[in-house]
RNA sequence: GGGAGCAUAGCUCAGUUGGUUUAGAGCAUCUGCCUUACAAGCAGAGGGUCCGCGGUUCGAACCCGUGUGCUCCCACCA
C-alpha cells in the first residue's frame, strides 16, 4: 500500500521520504526538476560515470543500501599462486617454475580471477619491492597483468598482496580508477559467468567457484584454504548473497556547487543550531564532497530526460521534441563523461546496457532521479522560482528564515538546498537551520515499525490531551539532542493543564467579589503593591530569558522557564500574596492587574500549549481578539532591587515555614516574630505578606526578646520566633552548627585563594573583589550564627 | 574501516569565551500536611569521585592528551 502511494506521488513528481512527506508538487515542480537537470548538463556539471551497485542475482535487480543485510559468517580464504611473467626468454628456459617465480594471493572469490587486471601490494612491504615493474600471469586464463603498489593494501592481511578486480569490488574499482585500469565484468545479471570470463561461461558463480578451485588444485596452484570470520551482504528480498556490480550512472559534479554552500556556513551567513554539534559535520561533508549519483534503477520516480537514437547517441533535453530537434541538427554531441570515467567504462559495458536503441525511434533513459534531486529545489520551486523566475512570490518569500529538520539529512537535503540556492538564486535559501533530535523510546532505541515502539499519538492525545502531549514532547527535546520518549513527561503536561484551570478558577472566584468603594481602592495595602511590583519585574525578567532562549532555538529550556514562571512565581507566590482573606473582597486594581499578568503568561505559553491558553484567554475576560494573533508588547525596563526584595521575602517565608515544619508547628498555630537586622528599609513593604504567609500575629524589630522559642538565621538577619508550644533547642542548635560548619569550610576555601600570591597577581580585579565580598558576607553570617548559638545555650 | 558527537543526581538534561559560593533544574524517591483554586495539590528533605588517568593554569565540570563506554552518519565479501 505504501509503495503504491509512494510511486503515484513520485510519478507526479513529488518528493517523499518514508518518514516525512517533504512536499506535494504540481506539474510546475516536475518541469523545474527537468529544467535544472538539463541546465546542469549543459554547464558540464552532469556526466555519466561508473559506480558499484548492490546486485541481487536471484531477483536480478539493484538493491538500495537499506535492502542489504549484513551477516557475520565464516568465509574461506583461498591462497592462489600467480606466476611471474618472464622478463626474458632465458628465464623460461631456466627456472621458470622455482618458488621465487610465484606470488601467493589470498581471495574469497576465486571465480573472479578472470576479471583480474592487476595485483597490488603495499609500497612499504619489503617482501614485494622486487616485483616493481613486473607482470604476473593470471592462472587458468593465462593473461598478463601488471603489479602495482598502493597504501590501501594492509601488509598483515592474507599474504599482503591482492588481486585487483575492478568490476567486482568497490575498493578494486577505486584503485582501478586511480591507476587507469580496465574493467572486465565477468558476471551476467543472473550471477552466471559471462562471455568475458572466457572459462566456465554460463555456469553459476558458486558452481564456477568450485570448478575453478578444482582446476587450480589440479595445476598445483592452490596452496591452502583457510577459514576466517567475515561479513557478507544478503538481499533482504531473495536472501541471496549480494553481488557488487559495476554500472553506468548519472552524476553531478559537486566541487563547484559545494564551495559557495560551505562559505555561507563558515561565514555565519547561515547559522546552524546547535552550532558546535553540527557545523563540524556539515563542513566535513562539504570539504570532502564526492560527486552525487543522481540516477536510480527504480520503477517509480521521475525519469531522466535523456534520449538515445539507434546508434546509441545521446540527447539531453527537456522534452522528447527538443531531443528530436537536436537529433535532426546532427550536432556533434560532446561526450558527457569525464575523461577519467570514460577510460574506465569498457566497450562491453556500453553495448550490453539498456542504452542501446531498439528502433529508429528515440528511447528514453529508463533511470529515474534520486528523491533528493527534486527535494533540493524545494525552497525555490515551491514559489515557482525556477519554472517562473522573478515572480512576485519568490521575490517576497525567498530567502525564508528558518529550516527545521532532522540531523540525519544534513548532507542529503540541507547542504544541497543551500547549493541549489547559491547556484540558482545567488542567495542562501534560509538564515537559520534548526536540527531537532530523533525521537527514541525510553531505552534509547530508534522508533521503528519493526520494533513496534512508536507511540500512538492519537491514543496519547485521548489519554492526556493535545496540549499535554505537545508539552511532554517540547519539554524533553533539548536542541539537537535526541528525544527519549517517556509518557511521564506527558503526565507532567497534563498536571500543568490542571494547574492552569485551577488558577483560572481562583481568579474567577475573585471576580464576583471585587470591592468598588473608593476607600478600599485607595487603600490597597503595601503588600499588594509590592506583590504587583515584584511580579511585573519577574515577568519582564522571564520574558527576556525566553526571548534569548528562543533566539538560540532552545525551545525546551524556554518552556521550562515559562512553566516555572507560571507554577512557582505566579501560582505559588504571587496569587498567594494577593489572595484576599476568606470572605473579604479584592481591590479592583489588584484584580485587573492579575488578569493582565495572566494574559501575558498565557501569551508566552501559547506556542507550546495553544488550545488551553486560547480557551482560558477568552474565559478570563470578554474580548474580541484571539491570543494566536496577539502581538507581544515591549518588555518593560527591569528594576533589580524589586527582584532582590522578592527573593529576600521568599527566603524569609521559606526559612520560617521550614522551621515550623521541622518543629511540628502546625500552620494554624499563630506565632510572633522578632527580626534583628541592620537594614530594615525594605521590610516595611514585605511585612503584610510575610505575616500572612507564615501566620504571624505580630512582627517586631529589635534584639532577642524573652520567651523566644526558636532562632533562625536568614541571610544576615536573625529571626526570633515565639510560640505557645515548647520547642526542643537541641535540634535548632544542631542545625545552626551544621550551617556554621559549612560556612567555615567555605571561608577556608576563599582564604586559601586570597592568601595565594599568584592568585592575587594573576586574577582579574573584579574576581578578587568578588572573592573579598564573599569573604565579608560569610564572616558576617558566621558571626550572626555564633551569636544565635550563644543565646540558645 | 573513515568521520562526527556524547559521558554531570535514580532518570532526562542545564551549566553562556576557565573564577557568581563546597555544581543547578524538572521528574522520580522520602517526610509532614485533606490550609477556604488545586492531594493531578501544598510545604520541606535527602541524593553527585562532574566516566578513568595524565597535563596546562594561581584556579578545570569547562582547555589539551590518553583510555573506556555509548550514539549517529558514511563505507564494507582480499
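The values are calculated or read from the model by the stated rules, or taken from the named source; none is laboratory data. Predicted model only: the values in this text are computed from it and were never measured. Using ideal geometry, Cβ is built from the backbone for each residue, glycine included, and neighbour counts are taken over all protein chains shown.
Only a single criterion out of (1) modelled with pLDDT under 80; (2) outside any loop (DSSP other than H, G, I, E, B); (3) crowded, with 20+ Cβ neighbours inside 10 Å is not satisfied by residue A:282, namely (1). Within the stretch A:140-156, restricting attention to residues that are in a loop (DSSP other than H, G, I, E, B) and touching a residue at least 40 places away in the same chain (Cβ under 8 Å), which residue is farthest from residue A:183 (Cα to Cα)? Filtering the stretch A:140-156 for residues that are in a loop (DSSP other than H, G, I, E, B) and touching a residue at least 40 places away in the same chain (Cβ under 8 Å), the one farthest from residue A:183 (Cα to Cα) comes out as A:140. Going through (1) out of contact with any strand residue (DSSP E or B) (no Cβ under 8 Å at 6 or more places or on another chain); (2) more than 8 Å from RNA strand B (Cβ to nearest atom) one by one, residue A:587 falls short only on (1).
Considering only residues in the stretch A:658-673 that are in a helix (DSSP H, G or I) and in contact with a strand residue (DSSP E or B) (Cβ under 9 Å, 6 or more places away or on another chain), the one that is farthest from RNA strand B (Cβ to nearest atom) turns out to be A:659. Just so you know, in the stretch A:466-493 the residues that are surrounded by fewer than 19 Cβ atoms within 10 Å (Cβ to Cβ) and modelled with pLDDT of 70 or more include one that is nearest to the chain's Cα centre (by Cα), and it is A:486. Return a yes/no flag: does the stretch A:125-139 have any residue that is within 12 Å of RNA strand B (Cβ to nearest atom), in a loop (DSSP other than H, G, I, E, B) and surrounded by fewer than 21 Cβ atoms within 10 Å (Cβ to Cβ). Yes: the stretch A:125-139 contains one or more residues that are within 12 Å of RNA strand B (Cβ to nearest atom), in a loop (DSSP other than H, G, I, E, B) and surrounded by fewer than 21 Cβ atoms within 10 Å (Cβ to Cβ). Per the listing A:180, A:171, the residue uniquely modelled with pLDDT under 85 and either within 17 Å of residue A:81 (Cα to Cα) or surrounded by fewer than 16 Cβ atoms within 10 Å (Cβ to Cβ) (or both) is A:180. Listed conditions (1) within 13 Å of RNA strand B (Cβ to nearest atom); (2) farther than 18 Å from residue A:124 by Cα are all met by residue A:182, apart from (1).
Of the strands (runs of 3 or more DSSP E) entirely within the stretch A:34-97, those holding at least 1 residues that are at pLDDT 85 or above occupy A:46-56, A:68-84.
For the stretch A:378-411, the set of residues classified as exposed (fewer than 14 other Cβ atoms within 10 Å of the Cβ) and within 16 Å of RNA strand B (Cβ to nearest atom) consists of A:408 only.
In this structure, is residue A:215 buried (at least 18 other Cβ atoms within 10 Å of the Cβ), over 34 Å from the mean Cα position of the chain (by Cα) and more than 10 Å from RNA strand B (Cβ to nearest atom)? So residue A:215 fails the test. Pairing residues of the stretch A:763-780 that are closer than 14 Å to residue A:753 by Cβ with residues that are outside any helix (DSSP H, G or I) and within 7 Å of RNA strand B (Cβ to nearest atom), at Cβ distances under 9 Å and at least 6 apart in sequence or on separate chains, gives A:771/A:763. For the stretch A:557-575, the set of residues classified as surrounded by 21 or more Cβ atoms within 10 Å (Cβ to Cβ) and over 22 Å from residue A:594 (Cα atoms) consists of A:558 only. Quick check on the stretch A:639-657. Is at least one of its residues more than 22 Å from residue A:579 (Cβ to Cβ) and either assigned to a loop (DSSP other than H, G, I, E, B) or within 11 Å of RNA strand B (Cβ to nearest atom) (or both)? There is at least one residue in the stretch A:639-657 that is more than 22 Å from residue A:579 (Cβ to Cβ) and either assigned to a loop (DSSP other than H, G, I, E, B) or within 11 Å of RNA strand B (Cβ to nearest atom) (or both).
Out of (1) near RNA strand B (Cβ under 10 Å from one of its atoms); (2) surrounded by fewer than 20 Cβ atoms within 10 Å (Cβ to Cβ); (3) modelled with pLDDT of 85 or more, the odd one out for residue A:195 is which? Evaluating residue A:195 over (1) near RNA strand B (Cβ under 10 Å from one of its atoms); (2) surrounded by fewer than 20 Cβ atoms within 10 Å (Cβ to Cβ); (3) modelled with pLDDT of 85 or more leaves (1) as the failure.
Screening the stretch A:674-765 for helices (runs of 4 or more DSSP H) wholly inside it with 2 or more residues that are within 22 Å of residue A:649 (Cα to Cα) and within 11 Å of RNA strand B (Cβ to nearest atom) returns the ranges A:683-693, A:729-754. The residue pairs whose first member lies in the stretch A:287-304 and is surrounded by fewer than 13 Cβ atoms within 10 Å (Cβ to Cβ), whose second member is assigned to a helix (DSSP H, G or I) and modelled with pLDDT under 80, and whose beta carbons are closer than 8 Å, counting only pairs six or more residues apart or on different chains, are A:299/A:7. Criterion first (at pLDDT 50 or above and under 30 Å from residue A:240 (Cβ atoms)) does residue A:18 satisfy it? Against the criterion (at pLDDT 50 or above and under 30 Å from residue A:240 (Cβ atoms)), residue A:18 does not qualify. Among the residues of the stretch A:223-236, some residue qualifies, meaning at least one is more than 11 Å from RNA strand B (Cβ to nearest atom), touching a strand residue (DSSP E or B) at 6+ places or on another chain (Cβ under 6 Å) and at pLDDT below 85.
Checking the stretch A:198-209 against the condition returns a match, with at least one residue being under 14 Å from residue A:80 (Cβ atoms) and buried (at least 17 other Cβ atoms within 10 Å of the Cβ).
When residues in the stretch A:40-84 are screened for being over 36 Å from the mean Cα position of the chain (by Cα) and on the phi > 0 side of the Ramachandran plot, 1 of them pass.
Within the stretch A:151-161, being at pLDDT below 85 and under 25 Å from residue A:76 (Cβ atoms) holds for A:152, A:153, A:154, A:155, A:156, A:157, A:158, A:159, A:160.
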